[in-house]
Every structure is written in structure tokens, then in C-alpha cells.
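Undergrad: Below is the structure I would like to discuss, written out as C-alpha cells.
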Amino acid sequence: MARVSQEHLDARRRQIIVGARRCFARNGFHATSMQDVLKEVGLSAGAVYRYFSGKEELIEAIVQEAFEGIRDAFAEAAELRPPLLPDEFLSHVLRRVLDGPGEGDEQAFAELVLQVWAETLRNGELSANLRAGVVGMRALWSEVVRMYQAEGLMSRDVDPDHVARTMMAMAMGFLAQQALFGDVKLEQLEDGLRAIMRMEVPDPSLPGAS
């Protein structure tokens, strides 16, 4: 019997994840059955269950893949010189994350993200994994802030964790808007954040400042 290569196994696993993601985005987690996934990917039950015991493991795999994509995007952006400022950095990471699925439907992917968030309210194991992933993302953002501080781009008086939480809130808000309305573009987020960053407090001593 010919030995199946690891490359083939990885490709088959990836095929199942992509198909399951399409099903979940289209019908939701609870309305999707494993039979739906089998039909979507065109594989036998034995072929799919060789990799995943059921929907819960598929959801976990989708979440893990998303966090891996985020970490890769951070690593890529953090190496760029001169360093990307927050508006460009956030847009870069989100663009990589949204492009990651490779299916061309940003709203569907954002809808899937919201489903994952909702699922954590009832699934303790998924909630713990998501929380660990979010803690890791905050640590990545904090490292970016420390890089800004080391480059003299941000005051050292600023707590990196506070900036990290703010940047994550903007990213999550963007995904929520994309999922609910589908009418928001990364360019809009980048332009808006850039405008906020460039606000200047007028000198009250100058004429017309009040």
C-alpha cells in the first residue's frame, strides 16, 4: 500500500476546514450538520472523521487557524521598516486576516467570526481557547507599542496594554460592522484612525482658540 504523504494529509485537512467554514458561514453552527459538511467537501464520513470527531473540533480548528493567521500578520508587519503606524498596522493585519480564507467574501468571514464569539457563551472549552488567543493578541499589540516607544513614536508614559486593548476594540468593531452591514472598507478604517491620530489640541492662549 502506498504511503500517504504528510502534504496530502495536510491538504485534505485544509479542504475539510474550508468546506466546514463555508457551511457554518452559510447556515450557522447549530443548523449545520456533519452530513452537510460531508456533502460540501465531497468526502466520505470515514475520510472526514479521520481528522475531526465532530463539529466542535471543526470549530476549534477554524478558531486556531484564525489566530495563527493573526500571529503571522503581526510578525510580518512588525518586521517592516520604517515601522507601520497604528492606522497602517491595523489595516495590514485585518487585510491579511480577511484575505486568509481565500474565498473572496469578507462579510461571510466576519459573520463567521461573530458566530464564534456567540458560541463561546455556551461552549466553555471554546471560550477558554478564545480567551487564551485574545490574551496572546494583546501581548502582540503590546510588543508593537513598545516598539513605537523605543523608536520615539509614542510616549513611554503610555501603558502598552491600554493601547493594545484599544486597537483590539477597533479591530473587533470593524469585524462586527462588516458582519452586520457589509458596507465598511479597510480604507475607511485607516483614514478615520489616521484623522484621529492627527488631531491637535489648540493652544488656549492663542486668539480664536476658545
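The values are calculated or read from the model by the stated rules, or taken from the named source; none is laboratory data. Fair warning: this is a prediction, and the values are worked out from it, not measured in the lab. All Cβ positions, glycine included, derive from the backbone under ideal geometry; neighbour counts span all protein chains shown. Heads up: the accessible areas ignore ligands, DNA and RNA and are worked out on the full protein's heavy atoms, side chains in. Shrake-Rupley method; radii C 1.70, N 1.55, O 1.52, S 1.80 Å.
Undergrad: Round to a whole number: what % of the accessible area of region 1-103 belongs to carbon and sulfur, probe 1.4 Å?
TA: Carbon plus sulfur share of accessible area: 51 percent.
Undergrad: Can I ask one more? Mind listing which GluC sites (Glu not before Pro) in region 53-107 are in a DSSP loop and have 15 or fewer other Cβ atoms within 10 Å?
TA: Hits after loop and neighbour filter: E79, E103.
Undergrad: Now for a separate question. Work out the FRET efficiency for E7 and E76 from their Cβ-Cβ distance, taking R0 = 22 Å, and round it to the nearest 0.05.
TA: On the way: r = 24 Å, r/R0 = 1.07.
Working from the Cβ atoms, E equals 0.40.
Undergrad: From the helices alone, meaning DSSP H stretches of at least four residues, give me the mean residue ellipticity at 222 nm for the chain, per-run term -39500 (n - 2.57), in deg cm²/dmol to the nearest 500.
TA: Mean residue ellipticity, 222 nm, calculated: -23500 deg cm²/dmol.
Undergrad: Cα atoms only: what Rg and Dmax, in Å, come out for the chain?
TA: 20.7, 87
Undergrad: Sticking with this structure for a sec: Amide H of D105: which non-local residues (sequence gap of 5 or more, or other chain) have their own amide H closer than 5 Å, using H built in the peptide plane?
TA: none
Undergrad: Another one. If a/c stays under 1.5 just call it rounded; otherwise compare a/b with b/c (prolate if a/b is bigger, oblate if not). Do that for region 1-121, with a ≥ b ≥ c from the square roots of the Cα gyration tensor eigenvalues.
TA: It is oblate, given that a/c is not under 1.5 and a/b is not larger than b/c.
Undergrad: At 1.4 Å probe size, with the rest of the protein present, what percent of the exposed accessible area of region 158-202 is carbon and sulfur atoms? Before the final figure, lay out each step's value.
TA: Working: 1750 of 2890 Å².
Solvent-exposed carbon and sulfur of region 158-202 make up 60 percent of the total.
Undergrad: With every protein chain left in place, what is the accessible area per residue of region 135-210 in square angstrom, probe 1.4 Å? Intermediate values should be presented prior to the final figure.
TA: Details: 5020 Å² over 76 residues.
Result: 66 Å² of accessible area for each residue.
Undergrad: Measure off 7 Å from each Cα along the Cα-to-Cβ vector at L84 and I196, then give the distance between these two points in nanometres to one decimal.
TA: Label at L84, label at I196, 1.7 nm between them.
Undergrad: Output ³J(HN,Hα) for region 180-190: one whole-Hz value per residue in order, computed from phi by the Karplus curve 6.51 cos²θ - 1.76 cosθ + 1.60 with θ = phi - 60°, and x for Gly and Pro.
TA: Whole-Hz 3J(HN,Hα) from phi for region 180-190: 7, 10, x, 10, 10, 10, 4, 4, 5, 4, 5.
Undergrad: Quick one: angle between helix 86-99 and the longest Cα principal axis of the chain, in degrees between 0 and 90, rounded to 10, please.
TA: For 86-99 against the chain, the angle is about 10 degrees.
Undergrad: I want to check the label-to-label distance for S44 and H162. Put each point 7 Å from Cα in the C-beta direction and report it in nm to one decimal.
TA: 6.1
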